[in-house]
Every structure is written in structure tokens, then in C-alpha cells.
1. Looking only at the stretch 31-52, which residues are polar (S, T, N, Q) and under 15 Å from the mean Cα position of the chain (by Cα)?
2. State all residues of the stretch 32-61 that are modelled with pLDDT under 70 and either under 17 Å from ARG79 (Cα atoms) or touching a Phe, Trp or Tyr at 6+ places or on another chain (Cβ under 8 Å) (or both); if no residue qualifies, say none.
3. If a residue has to be surrounded by 11 or more Cβ atoms within 10 Å (Cβ to Cβ) and more than 13 Å from the chain's Cα centre (by Cα) to count, how many in the stretch 15-30 make the cut?
4. Take the residues in the stretch 3-14 that are surrounded by 13 or more Cβ atoms within 10 Å (Cβ to Cβ) and of a type in the set (A, V, I, L, M); name whichever of them is modelled with the lowest pLDDT.
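The values are calculated or read from the model by the stated rules, or taken from the named source; none is laboratory data. Predicted model, so just to flag it, every value in this text is computed and none were measured. Note that each Cβ is placed from the backbone with ideal geometry, even for glycine, and that neighbours are counted across all protein chains shown.
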Amino acid sequence: MSELCGIAVSPRDEQLIIKGWVKQFTCGDPRLSESCELFESMGRDIHLEEMAKEDQPMGAECDSCFIACGDEMKTIWTRPKK
């Protein structure tokens, strides 16, 4: 796993990056739906990933958000439409 701006980059992230995806951010509804609509209106393809333990900032010792919201949060990835 490599490090980018203090955020862990998982092997799955690396696969998506190679395929042209750009990681945007992790959130839950209603912001998730609003953000997806916005990116689609900008002509972007959207890919959603379940939040994974590896998405936490490196060195994070607090799991409360992950435990409380992990099943509701998704990471938004975008790329230009093909």
C-alpha cells in the first residue's frame, strides 16, 4: 500500500487509477446522491465503492465513524465518459 497526501492508497485504488478513475471523496446520503447527480451532469462516469477500512487516513485510531456509518458510506470515483 502506498501513501498519497496522508491517505492510504489500497491495491483496489491502484487498479481503479490505472483504469482512469479519479477518487473524489467518501460520503453518505443525501450528499452521495446529490454528488452523483452533479458529476453525471458534468459528463462524468460514476463508480461507487463501499467504504473499506483501508480508506481511513493513515494512522487513524478512531473507528467510531467506520463502525457507525461504514455500511452507508461510499467512495465516489469519476472519469470522463467514453
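1. SER33, SER35
2. Of everything in the stretch 32-61, those that are modelled with pLDDT under 70 and either under 17 Å from ARG79 (Cα atoms) or touching a Phe, Trp or Tyr at 6+ places or on another chain (Cβ under 8 Å) (or both) turn out to be LYS53, GLN56.
3. 2
4. Once the filter is applied, the top-ranked residue is ILE7.
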